[in-house]
Each structure stands twice: as structure tokens, then as C-alpha cells.
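Engineer: Take a look at the following structure, please.
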Amino acid sequence: MIIATVGHVDHAGSSPAWTGSSGSCKMRLMARLTTHFIRDSRDLAKHFDRLAPGYFDAHGPAERLLAYRLAIIRRFLATARMGTLLEIGCGTAIHLLPLAGRFGQAHGIDVSPEMVRVACRHAETSPWLARISLRVDAAEELATVEDGSVDVVLCVGALEHMLDKPRAVRQVHRVLRVGGIFLCLTPNGGYCWYRHFAPWLGLDTRHLSTDWFLTSREVETLIGGAGLTLERLEHWRFIPQGDLPVGWGYVLRALDWVGGHLRVGTLRGGIAFSAVRTD
């Protein structure tokens, strides 16, 4: 998701409507996002099962955005041990498959059986098929992963959807070897769109009712609470283009450019962080 779409997107776009109130007029921008109510993990799995057959990136050119995210991942992992990779919330494995050639083993888990089925179909054409394993498992459980068996745990656009984030990150700690790395790319909860502009416009920003976007401070608390040591945290370019009212994409791209050059995290939509198991 995160980067791929996780909810209904109205590709017809949005249109302005004018409404009167106490003799004055105001413009109401129609949202392009519908928030889906989630009660429990079964609802979550069913939601992504429905999306799996047509899963796509709603926020821009898919290949270019994927290449950008993979470049971030490879940069963060430049000095990591390349033994065993585990991606949690792997979806259709669009990140796992390009990375599999760098690792001795590459495992992907997802709570959605349909996502895993689609991922397995994509993996059939990989030259690294023999070292790839894809299976249904919840990040909060990791029931199929042994203690201390993984060198890198990767999570891209999935942490924000996990129902019990502290439990999921504790499981990450459990399965990592000492010195192993947890790398995560997720939306920035302190982003100006989420914190200021969308509330001002009266728009929701969540695809799922249980979604929660973490701020930098919340990342530090989450990681520390799981017994991991935060090594690095950066902001990266994530603009939820598929969710925005007309015209706002241009505004947020300009702000992202400023944020990137001046290192202002609140102007950038994504957080990338790495943490290590030291005990």
C-alpha cells in the first residue's frame, strides 16, 4: 500500500461544489478516498483479498515509484548481512522479488491469502525462484518464522495497516538475529497533508478505519518498546496522489521539493527508518 492503493479510488476525479451557509459561500472539495471499516484481522484479510487481483499503484507511474523505493531500500541495506530476508506484509511481492537475488533466502508473508497467491504467480518467472518462499502469516504472529533466523526484516507500506503494531515489531525482534536489521518505509504521520491540509478541508486520509500513520517520535517509541535500537530515520517523497482532490498534487509536489532541499520532514509524506537488534 503504501504505496499501492488500498481502498476505492474514484478515477473520474473530484469536482468542486459550492454550498451556501449564512449568506456566504464556500467551496467543498470532494474526497477521492473512501474509508473502509475494519473490525478485526479477518476483515483486514478480506479487504486485501478483494484488492489482490487488480492491485496497482494509484499514486503515479508504478515502475518509476517502485524503482525509487527500491533505491532507498538498497541504500539502507548497503552494509547489511545478505543471508535471509523476510518481508512482512509483502502484498504481491513487488519489492521482495527484485531484492531476492541479493539474499541467500527471501521469504514473504502476508495476512491475505489472495495477495500471497498473486505473489506466487509473479514469483514463477523469477530467476531466483529456488530461494523464494511466500506464505500466509500475520505480522503480529510470524508463526511460520523461527526465532533468530532472519538477517533483514523489510516492511514497505504495510505497518500503517497492522492492527497491533507493538506486537508486530516485537515479533520482528524475535525473528531477527543479533545484529539483524528492521527496515520500514511508511507514511509520515507528521506530514502537512495529514496534519493540516486534509483536516482543514474536512477530508479523511485513511483507507481503512484502523490505519494509523506514525510520526518520527512515535516510531522511536515503537522501536524502543520492542527492544530494538533505532539507527537511522529519514523522510522520503511520498505523495498520496490517488487520494487527493484536484490540484493538490501540484501543491504537495512543490512542498516536497522544498522539504527535500531544506530537510523539513513535515513537508515530506514518507518516513524510512532502520533499527537493529543488539541483544
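The values are calculated or read from the model by the stated rules, or taken from the named source; none is laboratory data. Everything quoted here is computed from the prediction, not taken from an experiment. As a convention, Cβ positions derive from the backbone with ideal geometry for all residues, glycine included, and neighbour counts pool all protein chains shown.
Engineer: Taking the stretch 37-80, which residues are closer than 17 Å to residue 122 by Cα and among the small types (Gly, Ala, Ser)?
Structural biologist: Passing the criteria: 52, 54, 62.
Engineer: Please determine whether any residue of the stretch 264-279 is surrounded by fewer than 18 Cβ atoms within 10 Å (Cβ to Cβ), at pLDDT below 95 and more than 17 Å from residue 160 (Cβ to Cβ).
Structural biologist: Among the residues of the stretch 264-279, at least one is surrounded by fewer than 18 Cβ atoms within 10 Å (Cβ to Cβ), at pLDDT below 95 and more than 17 Å from residue 160 (Cβ to Cβ), which makes the answer yes.
Engineer: Give the residue, chosen from 256, 204, 243, that is among the charged types (D, E, K, R) and free of Cβ contacts under 8 Å to residues at least 24 places away in the same chain. Full working, then the answer.
Structural biologist: On the way: 204 fails: free of Cβ contacts under 8 Å to residues at least 24 places away in the same chain; 243 fails: free of Cβ contacts under 8 Å to residues at least 24 places away in the same chain.
Answer to the selection: 256.
To keep it simple, each residue is scored yes or no on (1) at pLDDT 65 or above; (2) β-branched (Val, Ile, Thr); (3) assigned to a loop (DSSP other than H, G, I, E, B); (4) over 25 Å from residue 182 (Cα atoms).
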{"residue": "14", "(1), (2), (3), (4)": "no, no, yes, yes"}
{"residue": "19", "(1), (2), (3), (4)": "no, yes, no, yes"}
{"residue": "28", "(1), (2), (3), (4)": "no, no, no, yes"}
{"residue": "78", "(1), (2), (3), (4)": "yes, no, yes, no"}
{"residue": "82", "(1), (2), (3), (4)": "yes, no, yes, no"}
{"residue": "85", "(1), (2), (3), (4)": "yes, no, no, no"}
{"residue": "99", "(1), (2), (3), (4)": "yes, no, no, no"}
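Engineer: Moving on to the next point. Within the stretch 145-157, is even one residue under 17 Å from residue 59 (Cβ atoms), touching a helix residue (DSSP H, G or I) at 6+ places or on another chain (Cβ under 9 Å), in contact (Cβ under 8 Å) with a residue 60 or more places away in the chain and among the small types (Gly, Ala, Ser)? It would help to see each step written out before you state the result.
Structural biologist: Start the filter on the stretch 145-157 by keeping residues that are under 17 Å from residue 59 (Cβ atoms), which leaves 156-157.
Next cut, touching a helix residue (DSSP H, G or I) at 6+ places or on another chain (Cβ under 9 Å) only: 156-157.
Next, only the ones that are in contact (Cβ under 8 Å) with a residue 60 or more places away in the chain stay: 156-157.
After this cut, where a residue has to be among the small types (Gly, Ala, Ser) as well, the list is 157.
Checked the stretch 145-157: at least one residue is under 17 Å from residue 59 (Cβ atoms), touching a helix residue (DSSP H, G or I) at 6+ places or on another chain (Cβ under 9 Å), in contact (Cβ under 8 Å) with a residue 60 or more places away in the chain and among the small types (Gly, Ala, Ser).
Engineer: Report the residue count in the stretch 223-247 for those that are out of contact with any strand residue (DSSP E or B) (no Cβ under 8 Å at 6 or more places or on another chain) and within 25 Å of residue 35 (Cα to Cα).
Structural biologist: So the count comes out to 4.
Engineer: A further question on this structure: Restricting to the stretch 134-144, name every residue that is crowded, with 16+ Cβ neighbours inside 10 Å and either at pLDDT below 95 or more than 21 Å from the chain's Cα centre (by Cα) (or both).
Structural biologist: none
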